[in-house]
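Notes to accompany the following structure.
Each value in this text was obtained by applying a stated rule to the coordinates, not by laboratory testing. All values reported here derive from a predicted model rather than from experimental measurement. Cβ sites come from the backbone with ideal geometry, for glycine too, and all protein chains shown count toward neighbours.
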Amino acid sequence: MPKVKLIISVQRFYTNKIILITGGSSGIGFALAQKAIEQNAKVAICARSQDKLLAMKKQLATDHLFIFQADVSQEDQCQAFVEASIEHFGQIDVVINNAGISMRALFQEVDTAVLKQVMDINYWGSIFTTKSALPSIIQSKGTIVGISSIAGYKGLPARVAYSSSKFALQGFLEALRIELLHTGVNVMWVSPGFTASNIRNTALDQSGKAQSETPLKEDKLMSAEACAIIILKAIAKRKRSVIMTFQGKLTVWLNKFFPSLVDKLVYNHFKKEPDSPLK
Ligand SMILES: NC(=O)c1ccc[n+]([C@@H]2O[C@H](COP(=O)([O-])OP(=O)(O)OC[C@H]3O[C@@H](n4cnc5c(N)ncnc54)[C@H](OP(=O)(O)O)[C@@H]3O)[C@@H](O)[C@H]2O)c1
């Protein structure tokens, strides 16, 4: 994986910017927080596990990191996270809706509570956090970011709730972008390809248990650090959306013109995964 470096103008953009990241204690969120702090930003993160938050605080050992325990599926906890972050740092310049979980089970077999849990975190968590942060973001003429996925452009089999949550996230952000057109706020989403993280270990199975192992070779995937650098550059450049990988760009492009062909390609791709639920 080639090393991606932040350029000088991007470093200048982040100096003293206040960035809120949901789900900042692992994977892409952790890397975003770490890289933004390296560029002199001040970062507030939330996650459910206080132990992981405290470990991160200890590891990064900086006043530029504010940690807050919150479950983004709960509106009052999102409000509390945003309020505490504003009290701590004074304002918000960028909110990154990153917290997310995945699932792997056929719709026919999955408990509907699993589908709801994924939507509550990935979609409603983004709604609640953005709603609370909006007044401060409007004041700072800042940026609202959603961490989406190729699953937000193409429905993926055995991941119905994950795809639904990312389609919904993009629909929400696009509508909000137009509402905020004359406010100076930028609304954007980014769609990483497969990135090394914990997300496949925590993905829920048909009964809502974490599957606890990844079907992919995580060390062959894009690193969370490389992914974070692409996202931070895109935020500084006030992009509309970014699809990060060639495979992702090809899928989205092909799907516009040959959706039935892409249905078959996607089916065959996911059928080959170890322990695929596709028969
Ligand atoms: N990795 C990929 O291949 C990939 C590809 C495309 C898009 N994405 C997206 O990237 C984002 C980050 O995922 P990741 O791969 O970095 O996963 P990860 O390593 O599992 O990290 C997920 C983070 O979200 C937090 N989180 C989960 N549920 C939460 C909740 N209810 N409230 C607050 N925080 C919560 C986790 O902490 P706690 O568990 O302690 O709460 C953790 O800090 C997700 O939106 C995902 O859909 C990932």
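When ALA70 is tested against (1) in contact (Cβ under 8 Å) with a residue 60 or more places away in the chain; (2) within 12 Å of the ligand (Cβ to nearest atom), exactly one condition is not met: (1).
Taking segment 122-144 as the range and being within 16 Å of the ligand (Cβ to nearest atom) and either buried (at least 22 other Cβ atoms within 10 Å of the Cβ) or part of a loop (DSSP other than H, G, I, E, B) (or both) as the test, the residues that pass are ASN122, TYR123, GLY125, SER126, PHE128, THR129, THR130, SER132, ALA133, ILE144. In segment 195-210, the residue that is nearest to the ligand (Cβ to nearest atom) out of those that are in contact (Cβ under 8 Å) with a residue 24 or more places away in the chain and out of contact with any Ser or Thr (no Cβ under 8 Å at 6 or more places or on another chain) is GLY208. Just one of the numbered conditions (1) over 18 Å from SER26 (Cα atoms); (2) part of a helix (DSSP H, G or I); (3) among the basic types (Lys, Arg) is not true of ARG238: (2). Scanning segment 145-175 for residues that are in a helix (DSSP H, G or I), touching a Ser or Thr at 6+ places or on another chain (Cβ under 8 Å) and within 9 Å of the ligand (Cβ to nearest atom) yields ILE150, ALA151, GLY152, TYR162, LYS166, LEU169.
Exactly one residue out of GLN34, GLN91, GLN79 is more than 19 Å from VAL190 (Cβ to Cβ) and either of a type in the set (A, V, I, L, M) or within 16 Å of the ligand (Cβ to nearest atom) (or both): that is GLN79.
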